[in-house]
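Engineer: Next up is a structure, given as structure tokens.
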Amino acid sequence: MVNLEAKISIQGISKRFEKEYVLDSISMDVFPGEFRVILGQSGTGKTTLLNIISGLIAPDKGKIILDARDITNVPTEKRNIAYIFQDLGLFSSLTVRDNIAYGLVVRKYKEDVIKRKINEYSVKFGLQNLLDKYPIELSGGQKQLVALARALIIDPSIILMDEPLSSLDTFLRNSMRWYIKNLAKSMNLTVIYVTHDVDDCAILADKVSVLSNGKIVEEGKKEEILDNPKKEETAKLLGYNIINFQGSKLFIHPYKIKIGGNIQAKIISEEKGIMFHYLLKTEFGEIYAIFDRKYDEKYGITINGV
């Protein structure tokens, strides 16, 4: 049954390539103004799902409902969906101006409207002095801004993002995360963003859907998923230790292991970065721990929950 309050409702989407299911009965509702992150490792079907939502690939089963309208069989160009690809998809032969205008031209907007909107969005994204340049002349951050301007200029109902920050260096990636987050909130955008990066999820998401082997294994508010995963697949993806204790499996984050306690831990490997990273051998097996100071085996450790 369609949730009429949802901006987009994905209902029982399945897709198989040859004999293997890439997506198996995927369902989710994303609400107006929500930033939904789909978190999963490479090869779990994240991009395939975006391609189905956008209309680039047809599902074998299921429906896509956008603004209470079934768009499952509607052509891509008539879906009013913006898609920012992993490589951004800027046209190398077009100037920044023409890249930004591309969606308007395809939709056959009048020339005066195109000029007005290019001016509006170039100012909004600080691109007014770059309009005659080509993508090869731009920095990584500038390319991101052009891709965002091109996506938003068509006033889309929803924006799809396929790991668009993956090619950026660490500092710029952090900066762009906050830029995208603040932009989405200020413009009340509805976004579906796929990534394998937990930091993307931690900063950007309102809600998280965890995709594993073509299925949604867990979803909920960001804090619920990141701080208290319920499924082993989610815990592994987030870097938690899986510990067998008194017949139960405990999911323990490396930061929740503390120096000092009666659990003996032998150092297998040690690395010093900003923090101290350890692979330790314990009665519960090998565990990964992150400390703010150097660990000495004589002190033992405490594992939260054990």
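The values are calculated or read from the model by the stated rules, or taken from the named source; none is laboratory data. Note that the coordinates shown come from a computational prediction; the quantities given were computed from them, not determined experimentally. Heads up, the Cβs are rebuilt from the backbone with ideal geometry, glycines too, and the neighbour counts pull from every protein chain shown.
Engineer: Only one of these is in the same structural domain as Lys222 (by TED's automatic domain parsing), in contact (Cβ under 8 Å) with a residue 40 or more places away in the chain and surrounded by fewer than 18 Cβ atoms within 10 Å (Cβ to Cβ): Asn182, Asn174, Asn188. Name it.
Structural biologist: Details: Asn182 fails: in contact (Cβ under 8 Å) with a residue 40 or more places away in the chain; Asn174 fails: in contact (Cβ under 8 Å) with a residue 40 or more places away in the chain.
Among Asn182, Asn174, Asn188, only Asn188 is in the same structural domain as Lys222 (by TED's automatic domain parsing), in contact (Cβ under 8 Å) with a residue 40 or more places away in the chain and surrounded by fewer than 18 Cβ atoms within 10 Å (Cβ to Cβ).
Engineer: Taking the condition in contact (Cβ under 8 Å) with a residue 60 or more places away in the chain and outside any helix (DSSP H, G or I), does Ser167 pass? Before the answer, list the steps.
Structural biologist: Working: in contact (Cβ under 8 Å) with a residue 60 or more places away in the chain: yes; outside any helix (DSSP H, G or I): yes.
Against the criterion (in contact (Cβ under 8 Å) with a residue 60 or more places away in the chain and outside any helix (DSSP H, G or I)), Ser167 qualifies.
Engineer: Need the failing condition index for Thr76 against (1) among the hydroxyl-bearing types (Ser, Thr, Tyr); (2) crowded, with 18+ Cβ neighbours inside 10 Å; (3) in contact with a Leu (Cβ under 8 Å, 6 or more places away or on another chain); (4) within 27 Å of Asn99 (Cα to Cα), just the number.
Structural biologist: It is condition (2) that Thr76 fails.
Engineer: Among the numbered conditions (1) in a loop (DSSP other than H, G, I, E, B); (2) surrounded by fewer than 19 Cβ atoms within 10 Å (Cβ to Cβ), tell me where Ala6 comes up short.
Structural biologist: (2)
Engineer: Out of Asn99, Asn51, Asn119, report the one residue that is in a helix (DSSP H, G or I) and within 20 Å of the chain's Cα centre (by Cα). Let's see the steps before the verdict.
Structural biologist: Numbers: Asn99 fails: within 20 Å of the chain's Cα centre (by Cα); Asn119 fails: within 20 Å of the chain's Cα centre (by Cα).
One residue alone meets the criteria, Asn51.
Engineer: Just to be sure I understand the filter: pairs with C-beta atoms under 8 Å, separated by 6 or more residues or on different chains, first member in region 272-299 and closer than 18 Å to Phe245 by Cα, second member among the polar types (S, T, N, Q) and modelled with pLDDT under 95. Which pairs pass?
Structural biologist: Qualifying pairs under 8 Å: Phe284/Asn244; Gly285/Asn244.
Engineer: Check Ile203 against each of (1) outside any strand (DSSP E or B); (2) not assigned by TED's automatic domain parsing to the domain that holds Leu172 and name the one condition it does not meet.
Structural biologist: (2)
Engineer: Now for a separate question. So for region 69-76 (the condition being in a helix (DSSP H, G or I) and either under 19 Å from Leu189 (Cβ atoms) or in contact with a Pro (Cβ under 9 Å, 6 or more places away or on another chain) (or both)), does at least one residue qualify?
Structural biologist: Going residue by residue through region 69-76, those that are in a helix (DSSP H, G or I) are 76.
Checking the rest, the ones that are also either under 19 Å from Leu189 (Cβ atoms) or in contact with a Pro (Cβ under 9 Å, 6 or more places away or on another chain) (or both) come to none.
Taking every residue of region 69-76 in turn, none turns out to be in a helix (DSSP H, G or I) and either under 19 Å from Leu189 (Cβ atoms) or in contact with a Pro (Cβ under 9 Å, 6 or more places away or on another chain) (or both).
Engineer: Tell me, which residue of region 26-45 that is among the polar types (S, T, N, Q) and either under 13 Å from the mean Cα position of the chain (by Cα) or in a loop (DSSP other than H, G, I, E, B) (or both) is nearest to Ile13 (Cα to Cα)? Can you show your working first?
Structural biologist: Restricting attention to region 26-45, the residues satisfying the condition of being among the polar types (S, T, N, Q) are 27, 41-42, 44.
Now drop any that are not either under 13 Å from the mean Cα position of the chain (by Cα) or in a loop (DSSP other than H, G, I, E, B) (or both), which leaves 41-42, 44.
Values: Gln41: 19, Ser42: 19, Thr44: 14 Å.
Once the filter is applied, the top-ranked residue is Thr44.
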